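One structure below.
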Amino acid sequence: MTALADIDTPAVLVDLDVAEANIDRFQDYCNLHGFRNRPHIKTHKLPVLARRQIKVGAVGVTCQKISEAEAMIAEGGVDDVLLTYNVVGSAKLQRLHALAGRVTLSVVADSAAVVAGLGTEFAGASQPLSVLVECDTGAHRCGVATPTAARDLATIIDRTDGVRFGGLMTYPPVGSTGAVQGFMSEAIELCEAAGLTVERITSGGAPDMWRAHEAPLVTEYRTGTYVYNDRSLVERGVCTWDDCALTVLATVVSVPDTGRAIIDAGTKVLTSDLLGLDGHGHVLGRPDIRIDQLSEEHGRLVCDGPIGLSVGDRVRIVPNHCCVVSNMMDAVVAVRGTRVEGDLAIAARGQVW
């Protein structure tokens, strides 16, 4: 396979030139503002891109699940991992312990129950496990709700055998950089008054990544989507269409009427995620077309005027949410512009344990 025309569809294309430029640009931003970059690999799930991120300056990677980390370590040469998900249950704790023997590992917790499980598993370990307190700075997902609760849980970690207090972590909602600064400022003051050192404050989120410096207390930033970018970030003004490294290549399989066409990419490729947007992706070069409906294997393209497509035509689509697309494919096709490099197996695809 040497040309785009040879690629069977539906296919997910990753332009490595664009991805590498995205990686370099955000690393330069981190260097300029003096905080560490710890990219989230959930977006690409590819060892080759994890290695590139680390090569240009990332301190390590962020993973959501243990199996993601295992895949990155086995194939990616990654040696420093932050796991930003509560680890619960004996089976997972045993795997976590094994993982800790292979890399520099840190995890998060937002309750005494999670800390107790970690402490029981790591009691007697040669090195205590670094545990960060996850803080809710407005997203209302996981995390302790107040700086006082952060101090209290940090104290519990400090007093638990097998673990040590490693700092504070948050994943804020869009537009909450200021809230992160306020929460962390109070939490640091309370922790230090209790005799605890806050050695690390890690925050994240692609929509606000170019505003990360507005919370100068943050020492580390985690973002994943920046490597590819997607329609959601373009619509928020974070990037442009030219910065979108991942696209879905699809073929028109039916043109039932002049204003409608059907492509061979549905929810199993483009995802059903809307992220507050109208439609299921952006057709490059055709802003007049809307992908208004998806079923499992069909995508419906509509247009107010003549759609101008024929059976066999191909379109390239920037999906609403690139991270989910990566997890639905066994491989992506690496390209550089119009030159096809070949398939890249997605090493961490389906790793949700």
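The values are calculated or read from the model by the stated rules, or taken from the named source; none is laboratory data. Predicted, not measured: the structure shown is a model, and the values here were computed from it. Here the Cβ is made from the backbone with ideal geometry for all residues, glycine too, and neighbour counts use every protein chain on show.
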Please count how many residues of segment 219-241 are assigned to a loop (DSSP other than H, G, I, E, B) and buried (at least 19 other Cβ atoms within 10 Å of the Cβ).
7
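Yes/no matrix, rows are residues, columns are (1) in contact with a Ser or Thr (Cβ under 9 Å, 6 or more places away or on another chain); (2) not basic (Lys, Arg):
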| site | (1), (2) |
| --- | --- |
| 124 | no, yes |
| 134 | yes, yes |
| 141 | no, no |
| 162 | yes, yes |
| 170 | yes, yes |
| 188 | no, yes |
Suppose the filter is modelled with pLDDT of 95 or more, surrounded by fewer than 24 Cβ atoms within 10 Å (Cβ to Cβ) and part of a helix (DSSP H, G or I); does residue 13 pass it?
no
One residue is enough: does segment 21-44 have a residue meeting the conditions part of a helix (DSSP H, G or I) and under 13 Å from residue 347 (Cβ atoms)?
no
Filter result for residue 40 (within 13 Å of the chain's Cα centre (by Cα), closer than 16 Å to residue 202 by Cβ and in the same structural domain as residue 97 (by TED's automatic domain parsing))
yes
Of the criteria (1) farther than 30 Å from residue 13 by Cβ; (2) among the basic types (Lys, Arg); (3) crowded, with 20+ Cβ neighbours inside 10 Å, which one residue 200 fails:
(3)
What are the pairs with Cβ atoms under 9 angstrom where one residue, in segment 39-55, is touching a residue at least 24 places away in the same chain (Cβ under 8 Å) and the other, located anywhere, is crowded, with 21+ Cβ neighbours inside 10 Å and among the basic types (Lys, Arg)? Sequence gap at least six, or different chains.
39/222; 40/222
Examine segment 126-141 for a residue that is assigned to a loop (DSSP other than H, G, I, E, B), among the small types (Gly, Ala, Ser), surrounded by fewer than 20 Cβ atoms within 10 Å (Cβ to Cβ) and modelled with pLDDT under 95, and state whether such a residue exists.
yes
